[in-house]
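Everything on this sheet refers to the single structure shown next.
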Amino acid sequence: MRALLSVSDKSGLVEFATGLAELGFELVSSGGTHAALTAAGLEARKVSDVTGADEMLDGRVKTLHPVIHGGILANRNEPSHMQQLQDREIAPIDLVVSNLYPFVAAPSIENIDIGGPTMVRSAAKNHDAVAIVVDPDDYVEVLAALKNGEIGARQRRALARKAFAHTAAYDAAITTWLDETDPEGADEEAAKLPASLHLSLDKVHDLRYGENPHQQGARYRFTHGSGWWDTATIHQGKEMSYLNVYDTEAAWNLVNSLAADGPAAVVMKHANPCGAALGPTIEEAYARAHACDTVSAFGGIVATNRPVNAALASKLIPVFTEVLVAPSFEPEALEILAAKKNLRVVEAGGAPWKPLGLTMRSIAGGMLVQHDDTMQAGTGEWRTVTDRDPSEQEMIDLIFAWKIAARVTSNTIVLAKDGQAVGIGAGQQNRRDAGEIAAEKAAGRAVGGACASDAFFPFRDGLDAAARAGATAVVQPGGSIRDDEVIAAANEQGMAMVFTGRRHFRH
């Protein structure tokens, strides 16, 4: 029996190779792998001794040889294949152990592996006869199977599948790197979507269920990527479901978009905020966010942008909450929250939050892809279109309401005052209804405050609804054929109105 070993990741290599040698395998290896094996006292033949051809081109060519690939690819059940091996004095290779150059850790032309993927794919194609091992985590299981007699067909197939996934992810990483590092036309291409997308994801978490209990759900991670979920710690509570993760992500995105404004808290329900507020302390920010819509907050997701202390934990205890996510938790807070055994307590950890690069949704036969909708860094493009400019406090509330509106399902109207959302109308088929819902929820608390609309007012009735709710300043994209009519309505009622020139539809 012959095993070919050529690995970049050498963890567990010596122990695995020792086990193979004890089972009677002849070890063949190249480059650094051969050096590691012989340094450990193992007997191993160099690939160049087997092929009769020295490595060349600074190691770019070493395993690309008929003696190697003939030994891997020969169909053991085809007499002519075996006769050809015999005629050329080629010994079959029964096991290939290979993982690829560390391109993701150090992307460069020289770290684009050629011989490795070719060996891996050859062995995976012929997995009925050749076992392929690309993951050091599989060494123990493979060695145990060999000690028990053989690697079974099902295990061989699983190893082959992992091998093809390994090379697919590798190629996807290279393609992405080439897209991102094109030196010609980089500036003009930066705003464009790539000509093709090559996605590789690994399942990292089976969820309780999907959107409904009869649906399966799981969280996947990009093979060579990570996000804040990968550093998160779940301190307590039931297993997460699909919607728990989805809504928690939405809450974490919104609360972090408010981070520069001080302590902030968000209450999220069905991926829409039913409360958001700033406060001098994190517990006061939560109390103000909860007060926006106490009915909808039942069974919601709470996110904060500051550590959870005992005071905040005590305020949360009386409220039925599905998930609480925060950067960290004080020990006393965790003790208090332990009384709510079903509450999922998620500590986001140290990974910095950042907006997504692309967002994707499945459609029949493909996907819809777009750049993530990011907020403008400032108000430089904003312009007042009414007779009156917003006051300093009105402008602060306009910016706050606009940040919230960008994260609410369209059509949306947000009413806010003094750093607190007091009424949110989300996901309506017309803007008038969204405004009326926001006004009803505000219940008089929007007087002297701000109104944000994620898209332009097509008629003045939406603006009139904001005025009836007591809002004295409005922010909206503008761009309607009836802008003049809406501006006139604002002037009639002494309101200040700002156009941003950018809408924030969200579906």
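Assorted remarks:
- Of the residues A260, A264, the single one that is touching a Gly at 6+ places or on another chain (Cβ under 9 Å) and either of a type outside the set (A, V, I, L, M) or under 18 Å from A348 (Cα atoms) (or both) is A264.
- Those strands (runs of 3 or more DSSP E) of the range 228-338 in which at least 3 residues are outside the structural domain of A401 (by TED's automatic domain parsing) and not aliphatic (A, V, I, L, M), considering only elements entirely within it, cover 233-236, 272-278.
- Scanning the range 318-370 for residues that are on the phi > 0 side of the Ramachandran plot and touching a residue at least 24 places away in the same chain (Cβ under 8 Å) turns up just one, G349.
- Residues satisfying the criterion are present in the range 380-401 (criterion: over 20 Å from P458 (Cα atoms) and of a type in the set (G, A, S)).
- Residues of the range 244-263 that turn out to be over 17 Å from R219 (Cα atoms) and hydroxyl-bearing (S, T, Y), as a count: 1
- For the range 448-468, filtering for residues that are of a type in the set (G, A, S) and over 39 Å from the mean Cα position of the chain (by Cα) leaves 2.
- Screening R445 on (1) under 33 Å from the mean Cα position of the chain (by Cα); (2) in a loop (DSSP other than H, G, I, E, B) shows it passes everything except condition (1).
- Residues that are surrounded by 24 or more Cβ atoms within 10 Å (Cβ to Cβ) and more than 18 Å from D397 (Cα to Cα), drawn from the range 434-464: A434, F457, G462
- Residues of the range 195-228 classified as in contact with a His (Cβ under 9 Å, 6 or more places away or on another chain), charged (D, E, K, R) and touching a residue at least 24 places away in the same chain (Cβ under 8 Å), total: 1
- Total residues in the range 6-34 satisfying the condition of being under 22 Å from G70 (Cβ atoms) and either assigned to a helix (DSSP H, G or I) or not assigned by TED's automatic domain parsing to the domain that holds H69 (or both): the figure is 4.
The values are calculated or read from the model by the stated rules, or taken from the named source; none is laboratory data. Here the structure is a predicted model, which means the values were calculated and not measured. All Cβ positions, glycine included, derive from the backbone under ideal geometry; neighbour counts span all protein chains shown.
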